[in-house]
Amino acid sequence: MGFETIFRMDGRVALVTGAGFGIGRSLAQGLAEYGAHVICADRDLPGAEETTAMILDAGGVADAIFVDVAQTQSVDGLFGEIARMTGKLDILINNAGISTGPKRLHELAIEDWDRLMGINLRGVFLCSRAAIPMMLEGGSGSIINIASIAGLVGYYPGSARLCANYAASKAGVIGLTRQVAIEYARDGIRVNAIAPGWHGGTRLGGARLAALSPEELARLEKMINDRIPMGHRGVPDDLVGLAIYLASSASSYVTGQVIGHDGGWSAE
Ligand SMILES: NC(=O)c1ccc[n+]([C@@H]2O[C@H](COP(=O)([O-])OP(=O)(O)OC[C@H]3O[C@@H](n4cnc5c(N)ncnc54)[C@H](O)[C@@H]3O)[C@@H](O)[C@H]2O)c1
């Protein structure tokens, strides 16, 4: 008995990076609906402000703060501001991420490797490194890293879609998740990863998709949908339930796990 409230996060402070659009926006809204005070952080500050306004309009509590997760000083600034504003942090969702152009490895620009790693992997390290002391002080915490099926399996349907830099960064996030989960398991800090498959309606790879003709786009969509056991892509809101589960006390004995959210993609 008393299970009705295990998903509630009233009184908890949650930071979502990359909350200015896409998956981060949905997760920020979901956490706020379940009672958390959500810090929406993004290098797209107007986007983060828009997410915050949506949460406030719905009766939730949120603030928008600029961050570039790849930059140490910017991350320090973000956590300094959170400490001043709320004095604590209970939940961190490392969601900010990018992809670069569709290239096979020998064509991949070194600049694209470094830029992507800086955001997708270094960013997760920097934000987790800054969050953990606050969580240790509070005696508990939940960190959720948004990885990808690209960190679990390769995919090459005759052209580069999930590029090696992206796959390597997400596999890195998965390794980091497992290691950090074990390091802090006795401190009440849980660390888990979500590995999403394809979710439409976001800006990931947006410029590349915008360059495709309607026929090319339709062909690509069909190819991807045919590969997914469920036969269709997800949307960002589909991820909210899993994030709430991992962020809340509902998952109090779950740590170091990587949970696919992919319509069955990684099961094949
Ligand atoms: N959409 C998918 O199909 C999919 C699948 C697997 C994993 N993911 C992962 O989910 C996460 C969110 O992706 P999305 O699809 O919502 O993409 P998106 O581009 O719609 O949103 C990403 C957000 O992150 C922000 N961001 C980018 N770089 C940043 C930085 N250096 N500092 C702070 N904020 C930054 C962007 O401004 C944007 O608001 C990413 O980590 C992505 O790799 C997405």
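The values are calculated or read from the model by the stated rules, or taken from the named source; none is laboratory data. No experiment lies behind these values; they were computed from the predicted model shown. Positions of Cβ are generated from backbone atoms using ideal geometry, with glycine treated the same way; all protein chains shown enter the neighbour counts.
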- Within the group 87, 118, 101, which residue is free of Cβ contacts under 8 Å to residues at least 12 places away in the same chain and out of contact with any Gly (no Cβ under 6 Å at 6 or more places or on another chain)? 87
- Task: Pick out the one residue from 85, 117 that is out of contact with any Cys (no Cβ under 6 Å at 6 or more places or on another chain), within 14 Å of the ligand (Cβ to nearest atom), assigned to a helix (DSSP H, G or I) and aliphatic (A, V, I, L, M).
- Result: 117
- Checking residue 55 against (1) more than 23 Å from residue 132 (Cβ to Cβ); (2) surrounded by fewer than 21 Cβ atoms within 10 Å (Cβ to Cβ), which test does it fail? (2)
- Query: Could you say whether any residue in the stretch 90-101 is modelled with pLDDT under 95 and more than 9 Å from the ligand (Cβ to nearest atom)?
  - Reply: yes
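Would you say residue 176 is buried (at least 16 other Cβ atoms within 10 Å of the Cβ), away from the ligand (no atom under 13 Å from the Cβ) and part of a helix (DSSP H, G or I)? It would help to see each step written out before you state the result.
On the way: buried (at least 16 other Cβ atoms within 10 Å of the Cβ): yes; away from the ligand (no atom under 13 Å from the Cβ): yes; part of a helix (DSSP H, G or I): yes.
Judged against the criteria, residue 176 is a match.
Residues are listed down the side, and each one gets a yes or a no for (1) modelled with pLDDT under 95; (2) of a type in the set (Gly, Ala, Ser); (3) surrounded by fewer than 20 Cβ atoms within 10 Å (Cβ to Cβ):
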{"residue": "119", "(1), (2), (3)": "no, no, no"}
{"residue": "129", "(1), (2), (3)": "no, no, yes"}
{"residue": "168", "(1), (2), (3)": "no, yes, yes"}
{"residue": "187", "(1), (2), (3)": "no, no, yes"}
{"residue": "200", "(1), (2), (3)": "yes, yes, yes"}
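From 80, 97, 24, which residue is in a loop (DSSP other than H, G, I, E, B) and small (Gly, Ala, Ser)?
Working: 80 fails: in a loop (DSSP other than H, G, I, E, B); 24 fails: in a loop (DSSP other than H, G, I, E, B).
None of the other options fit; the residue is 97.
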- Message: I'd like the residue in the stretch 3-48 that is farther than 24 Å from residue 140 by Cα and either more than 15 Å from the ligand (Cβ to nearest atom) or of a type in the set (Asp, Glu) (or both) and, out of all such residues, is surrounded by the most Cβ atoms within 10 Å (Cβ to Cβ).
- Response: 42
- Residue within the stretch 253-262 that is within 15 Å of the ligand (Cβ to nearest atom), part of a helix (DSSP H, G or I) and among the small types (Gly, Ala, Ser) present: no
